[in-house]
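Shown next, in structure tokens, is the structure this report addresses.
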Amino acid sequence: MLINTFSLLVRFSDRESAVDWTPTATNQAGGVQLSQGSTIISALRTRQEILIWTDSGIVSMRFVGEPFIFSFTEVAEGVSLISPNAATNANNRVYFMDRSGFHVYSGTSQRLPCTVLDYVLSDLNQDQAHKVFAGSNEGVNEVIWFYPSGTNTEIDKYVLFNYLENTWSIGTTSDNFVRTAWNEASIYENPIAASKNSSTVNTNYIYSHEIGHGDDNDSFTAYIESSDFDLAPDGESFTFISKLIPDVEFRNQQSTNDTVTFTIKGRDYPLQDLSTLQTINVTPASTFENTRARSRQAAMRISNSSSDYGWRLGDLRLEIRPDGKR
């Protein structure tokens, strides 16, 4: 298929020849001028159709055989793509991003409720939005979008959606996690991604993901951090956290000294920066930890730095009670 993004023209070659584009009475080459929008943004092949995004909606292209060869049906109006590579296949659906949010297509287009939408859209460098691209990691039920933030002209952050758990997370591409292309690579065991060593060294790499617990055997900090939480009514009472029961699965445990660090952060007023209230080191032998953390709003960060072992967080169990007003 050949797309002319300036004239809304979609052309297709003969079914028996990828180089024969001239329509005749004896072949199936042809072309269709789309009637929706003013320009074509991109297209993506799915199991049953080819989706074509214009600047005003989505058109479904399906093979129907002679005499028309392909049918073109408008399946969504008012949605588009923020960049040509901002859509990906995953979980027998198509996930994509436009300038107003995230969407999923499975016969019809639906907007995805996103708990980090305001953060991403306000953080995104709109002048460099054409560099946004999506990738899928079906082995862990995730779709990820990489984007340039703030005044950065290159990709430096990402937003991730777990479609099995219906959860969102955000992250930065520090620790050399700068990716410029992503492929699920279903013929391999793990997805692959492209990048380069740094912004000053033009050395390109292909990375194989989801292998081991480090950056090519080098340690890096792996962490997850919650948003603020407080007691109802919101922020009216101070919160006192007196006990932590850690639920962590250590993977490829090397010794009983393997450590995951729980950091309790807090702030007394919404415009204050979070400060560290208490740090607890958890090992495979830990049962519970008594704590003394007091604040109006609190957040939890769980982290470690090792290339030898990994960890998985289970339920977060905290003993919390109101601690008066101020």
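The values are calculated or read from the model by the stated rules, or taken from the named source; none is laboratory data. Bear in mind the structure is a predicted one, so any value in this text is a computation, not a measurement. Heads up, the Cβs are rebuilt from the backbone with ideal geometry, glycines too, and the neighbour counts pull from every protein chain shown. Note: areas computed on protein heavy atoms with side chains; ligands, DNA, RNA excluded. Shrake-Rupley method; radii C 1.70, N 1.55, O 1.52, S 1.80 Å.
Quick notes on this structure:
- Selection within the range 230-243 - part of a loop (DSSP other than H, G, I, E, B) and open to solvent by 30 Å² or more (accessible area, probe 1.4 Å): Asp230, Leu231, Ala232, Pro233, Asp234, Glu236
- Those strands (runs of 3 or more DSSP E) of the range 244-326 in which at least 2 residues are more than 28 Å from the chain's Cα centre (by Cα), considering only elements entirely within it, cover 275-282, 289-295, 317-322.
- Across the range 60-108, the qualifying residues are those that are of a type in the set (Ser, Thr, Tyr) and assigned to a strand (DSSP E or B), and the one among them that is nearest to Asn137 (Cα to Cα) is Thr88.
- Hits in the range 10-40 (condition: open to solvent by less than 50 Å² (accessible area, probe 1.4 Å) and assigned to a strand (DSSP E or B)): Val10, Phe12, Gly30, Gly31, Val32, Ile40
- Residue in the range 118-125 that is part of a strand (DSSP E or B), open to solvent by less than 20 Å² (accessible area, probe 1.4 Å), at pLDDT 95 or above and not basic (Lys, Arg) present: yes
- When Asn217, Asn204 are checked against the criterion of being modelled with pLDDT under 80, closer than 30 Å to Thr259 by Cα and not hydrophobic (A, V, I, L, M, F, W, C), a single residue qualifies: Asn217.
- Selection count, the range 145-192, where residues are closer than 24 Å to Ile224 by Cβ, open to solvent by less than 80 Å² (accessible area, probe 1.4 Å) and among the aliphatic types (A, V, I, L, M): 5
- Within the range 87-105, the presence of a residue that is closer than 26 Å to Thr221 by Cα, in contact with a Gly (Cβ under 7 Å, 6 or more places away or on another chain) and open to solvent by less than 60 Å² (accessible area, probe 1.4 Å) is excluded.
One line per residue, one yes/no per condition, for (1) basic (Lys, Arg); (2) surrounded by 15 or more Cβ atoms within 10 Å (Cβ to Cβ); (3) closer than 23 Å to Ser169 by Cα; (4) without any contact (Cβ under 8 Å) to a residue 24 or more places away in the chain:
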| site | (1), (2), (3), (4) |
| --- | --- |
| Gln272 | no, no, yes, yes |
| Thr283 | no, yes, no, no |
| Ser305 | no, no, yes, no |
| Asp308 | no, no, no, no |
| Trp311 | no, yes, yes, no |
| Asp315 | no, no, yes, no |
| Leu318 | no, yes, yes, no |
